[in-house]
Amino acid sequence: MNIYVILKRTFDTEEKISVSNNKISEDSAEFIINPYDEYAIEEAITLKDAHGGTVTVVTVGDEDSEKELRTALAMGADQAVLISNEDLDSQDQFTTSSVLAAYFKDKEYDIILGGNVAIDNGTGQVGPRLAELLDIPHVTTITKIEVNGTTVNIERDVEGDLEKIETSLPLLVTAQQGLNEPRYPSLPGIMKAKKKPLETLELDDLDIDEDDVEAKTKTVEVYLPPKKEAGKILSGETPDQVKELVSLLRNEAKVI
Amino acid sequence: MAKKVLVLAESRDGALRNVSFEAIAAAKEISGGGEVFAVLCGDSVQSLAAELIHYGADRVLTAEHEKLANYTPDGYFQTLKQIIDDESPEAIVFGHTSLGKDLSPRLAARLESGLISDVTGLEQAGENTVFTRPVYSGKAFEKKLISDGLVFVTIRPNNIAPLEKDESRSGDVTSVSVDIKDLRTIVKEVVRKASTGVDLAEAKIIVAGGRGVKSEDGFKPLQELADVLGAAVGASRGACDADYCDYSLQIGQTGKVVTPDLYIACGISGAIQHLAGMSNSKVIVAINKDPEASIFSVADYGIVGDLFEVVPLLTEEFKKVLV
């Protein structure tokens, strides 16, 4: 099987966010593979173990994204592709999916996996957009996948309910939490990853004119939510606190 | 400039979802006095159309087809694409629901348009509508616009107030015949797992448990409180990782981001990754044994105590006042 994973480098979930010059500040932030993309990588490796083939991880990002690609290689992916976004003045989900579609245009792929959402921008757009541009079906928020020949049986999370889907390859899926437990890279894995192929592509290599993939949306302001005032810690005997709380929720906060 | 705006309405268990009424309100504002029409898809939805008009839609198109009984990307895509080609709307509003998240990017790709997902607020700025949306799971916000071409947005449930229902409003309801070709994904079965039927994303009240709940059974008192309040039950990552509950309940930066009117956090310490998923709730109550727990830093009201003592008392007290 030709298995591809699209992944994104994101802020670590433990990071506090600060804003400077109307932008999220990246100074001294720790970066990780988007956690949902880790499920996609794990599932890709599992599919390869069961069916044979090659796992290729692809990202659109700056040169620092090489670190996350190496991590994916250390987990067990075979090769990596870094499509540089450094020539792009503006980038949104239209841009990213168009660039990825240009990359996949002449590739043979059986399945493309990604996370169902990136924890930074949180749009979840790139997967389904890419599927449409490649004219293949997609299934989002999957929690289980079984491939038998070209038939694929999937379970997906739909707002807490479970939907069982039948579809076929080629296919794009996006991972939901619960799909698997991503492995940690092993030490031999990390050593091997250093020698695995990592290709860097410029937009020119994909025959992309940057004007054609210019962002369709524009960000006019980035700001932090107002800081919450300190709340009220109740005191007294527990039953009295409970009575007071119910009264506050009804009469002061008016939410009940 | 007045715009013609399409709203995709959604129903579940034979009733319209609140987010559809909220989407109509958002569409009204985007339209700037133009026309707002709602599209309703399913196998039998005709009877729901009037309510969309009561909530502000100028007219409703219904698309009924056996292949629309369950949502599939292909079935809905083909239906919406046909209607968009016929109607040429200048703006489209979906709910940021499971369906909206799945379908909107695919349509936007075909329409070669921008798409602003998960909008929590909007305002007019000259000719443009500026949309507010959370980033980094609500640790920050951004304001975005689509300056030319189709304006396409999905709105987060529970954030934009619907218009007042007015049963005297009338408007055309037109049935559209749609041609649906092969579906490449087939829904074989839907297994109901959401216990209360109250969806986390749309819930007005959420009762959430963390590691302090200690076991699967420990969620029972939380569920009893939720039942009394008509609330949904959620969980922190800690509780999910410890197998006390299903991952579908997880609230946080990984997991669901929620903004209910009332969030009751029980035995949740308040790791930054959990706070990202709930700290924009309107009113937060924290119940925790540890007075130093960081959940208290975002709470409006806190009780320092054992949740297994406090929560049942709270349930009894609410029972008394809510009868």
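Structure above, values below:
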{"item": "Which numbered condition B:Ser170 misses (of (1) outside any loop (DSSP other than H, G, I, E, B); (2) of a type in the set (Ser, Thr, Tyr); (3) away from chain A (no Cβ under 12 Å))", "result": "(1)"}
{"item": "Hits in the stretch B:90-121 (condition: of a type in the set (A, V, I, L, M, F, W, C), crowded, with 24+ Cβ neighbours inside 10 Å and more than 9 Å from chain A (Cβ to nearest Cβ))", "result": "B:Ile92, B:Val93, B:Phe94"}
{"item": "Subset tally (residues that are over 22 Å from the mean Cα position of the chain (by Cα) and either under 14 Å from B:Gly234 (Cβ atoms) or more than 7 Å from every other protein chain (Cβ to nearest Cβ) (or both)) for the stretch B:275-300", "result": "11"}
{"item": "Residue pairs meeting the criteria (Cβ under 9 Å; at least 6 apart or on separate chains; first within 17 Å of A:Asp161 (Cα to Cα), in the stretch A:172-189; second of a type in the set (S, T, N, Q) and part of a helix (DSSP H, G or I))", "result": "A:Gln176/B:Ser248; A:Gln177/B:Ser248; A:Gly178/B:Ser248"}
{"item": "Flag for B:Pro157 being surrounded by 20 or more Cβ atoms within 10 Å (Cβ to Cβ), touching a residue at least 60 places away in the same chain (Cβ under 8 Å) and assigned to a strand (DSSP E or B)", "result": "no"}
{"item": "Within the stretch A:176-204, tally of residues that are hydrophobic (A, V, I, L, M, F, W, C) and at pLDDT below 95", "result": "0"}
{"item": "Cross-chain or 6+ apart pairs with Cβ under 7 Å, the stretch A:48-63 first and in contact (Cβ under 8 Å) with a residue 24 or more places away in the chain, then surrounded by fewer than 14 Cβ atoms within 10 Å (Cβ to Cβ) and assigned to a loop (DSSP other than H, G, I, E, B)", "result": "A:Asp62/A:Glu86"}
{"item": "Residue count for the stretch B:288-323, restricted to those that are in contact (Cβ under 8 Å) with a residue 40 or more places away in the chain and of a type in the set (Lys, Arg)", "result": "2"}
{"item": "Segments classed as helices (runs of 4 or more DSSP H), wholly inside the stretch B:1-113, with at least 1 members that are free of Cβ contacts under 8 Å to residues at least 24 places away in the same chain", "result": "B:73-87, B:98-111"}
{"item": "Test: residue in the stretch B:206-225 that is at pLDDT below 95 and of a type in the set (A, V, I, L, M)", "result": "no"}
{"item": "Number of the condition not met by B:Lys139 [criteria: (1) at pLDDT below 95; (2) in the same structural domain as B:His96 (by TED's automatic domain parsing); (3) surrounded by fewer than 19 Cβ atoms within 10 Å (Cβ to Cβ)]", "result": "(3)"}
{"item": "From A:Leu206, A:Leu172, residue being of a type in the set (A, V, I, L, M, F, W, C) and over 21 Å from the mean Cα position of the chain (by Cα)", "result": "A:Leu206"}
{"item": "Exclusive hit being assigned to a loop (DSSP other than H, G, I, E, B) and in contact (Cβ under 8 Å) with a residue 40 or more places away in the chain, set B:Leu222, B:Leu200", "result": "B:Leu200"}
{"item": "Enumeration of residues in the stretch A:125-168 that are in contact with a strand residue (DSSP E or B) (Cβ under 7 Å, 6 or more places away or on another chain), within 10 Å of another protein chain (Cβ to nearest Cβ) and part of a loop (DSSP other than H, G, I, E, B)", "result": "A:Gln125, A:Ile136, A:Pro137"}
{"item": "Number of positions in the stretch A:205-249 that are free of Cβ contacts under 8 Å to residues at least 60 places away in the same chain and farther than 30 Å from B:Thr132 by Cβ", "result": "17"}
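Matching residues to (1) in contact with a helix residue (DSSP H, G or I) (Cβ under 7 Å, 6 or more places away or on another chain); (2) more than 24 Å from B:Asp118 (Cα to Cα); (3) surrounded by 21 or more Cβ atoms within 10 Å (Cβ to Cβ):
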| position | (1), (2), (3) |
| --- | --- |
| A:Gly52 | no, yes, no |
| A:Asp78 | no, yes, no |
| A:Ser90 | no, no, no |
| A:Ser97 | yes, no, yes |
| A:Ala102 | yes, yes, no |
| A:Gln125 | yes, no, yes |
| A:Thr143 | no, no, no |
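Condition check ((1) surrounded by fewer than 21 Cβ atoms within 10 Å (Cβ to Cβ); (2) outside the structural domain of A:Leu206 (by TED's automatic domain parsing); (3) in a helix (DSSP H, G or I)) across all residues:
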{"residue": "A:Asp27", "(1), (2), (3)": "yes, no, no"}
{"residue": "A:Ile32", "(1), (2), (3)": "yes, no, no"}
{"residue": "A:Ile41", "(1), (2), (3)": "no, no, yes"}
{"residue": "A:Val57", "(1), (2), (3)": "no, no, no"}
{"residue": "A:Asp64", "(1), (2), (3)": "yes, no, yes"}
{"residue": "A:Thr71", "(1), (2), (3)": "no, no, yes"}
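The values are calculated or read from the model by the stated rules, or taken from the named source; none is laboratory data. Since the model is a prediction, treat every value here as computed from it, not as a measurement. Ideal geometry is used to build each Cβ from the backbone, glycine not excepted, and the neighbour counts take in all protein chains shown.
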